[in-house]
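Please read the structure below before turning to the comments.
Quick note: the coordinates plus some simple rules give every number you see, no bench work behind them. Fair warning: this is a prediction, and the values are worked out from it, not measured in the lab. Cβ: placed from backbone, ideal geometry, glycine included. Neighbour counts: every protein chain shown.
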Amino acid sequence: MKPSKLNLTRRETMLSLLAIASTSLVACKDNAGDIKKNVGGFKLGDPFLNGSEMALLTAIAGLIIPNTDTPGAVEAGVQDTIQELLSNWGEDDVRSYWRGGLKAVSGKFGDVDDFVELPVEKQMELLGALDKGVYKDEIDLPFYKDLKRAVVGAYYMSEAGATQELAYDPVPGDFKGCIDFDEIGKAWAT
């Protein structure tokens, strides 16, 4: 008999939890057999952000955390994480805030497609000017700070951000199962 695998990676653990959750979704289907619910004209599970909004989000995320010697935000899938959160977890007011916020940001650059089509250097110049203006309170656009926080948060929660960008030690320190109390002097609170 093959020994069981007790040391699961974070990804394997999340996949196991998703499998359990999806099993419960099957048990909770409504009479029509469709687990999607219509919320404010939007069906949960469908992508919330449209193509131009996703293109803008992807471009901005890639500028905020670019691909260097470690994967950037786009390579880590930040834009997909935000899309997933908005599509399946965000409430209508959150979705409206994001849609309006992305529109306001794109308004600072002109047409969304124009910003996305610009060379990276020009995108960086425009985003840098916006960033400077927002953080110096010269431009009233609080959504931009939330967008930036969401990109950075999603990045550092990703596997690439947590294991390649940050120092990662799955078990910090040595485990000593039995030591004399005199060696440590007092018990640990954690």
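Taking other C-beta atoms within 10 angstrom as a stand-in for reagent exposure, I139, I184 fall in the order I184, I139, fewest first.
Sort 120-126, 152-158, 76-82 for me by packing, meaning the mean count of neighbouring Cβ atoms within 10 Å per residue, highest on top. Can you show the working numbers first?
Numbers: 120-126: 13.1, 152-158: 17.6, 76-82: 22.3.
Taking the mean over residues of other Cβ atoms within 10 Å, the ranking is 76-82, 152-158, 120-126.
Using the crude model of +1 on Lys and Arg Cβ and -1 on Asp and Glu Cβ, and no other charge, please compute the dipole size for the stretch 36-166 relative to its Cα centre, in debye to 20.
400
What's the whole-number percent of alpha carbon pairs in the stretch 36-166 lying beyond 19 angstrom? Result: 50 percent of Cα pairs exceed 19 Å.
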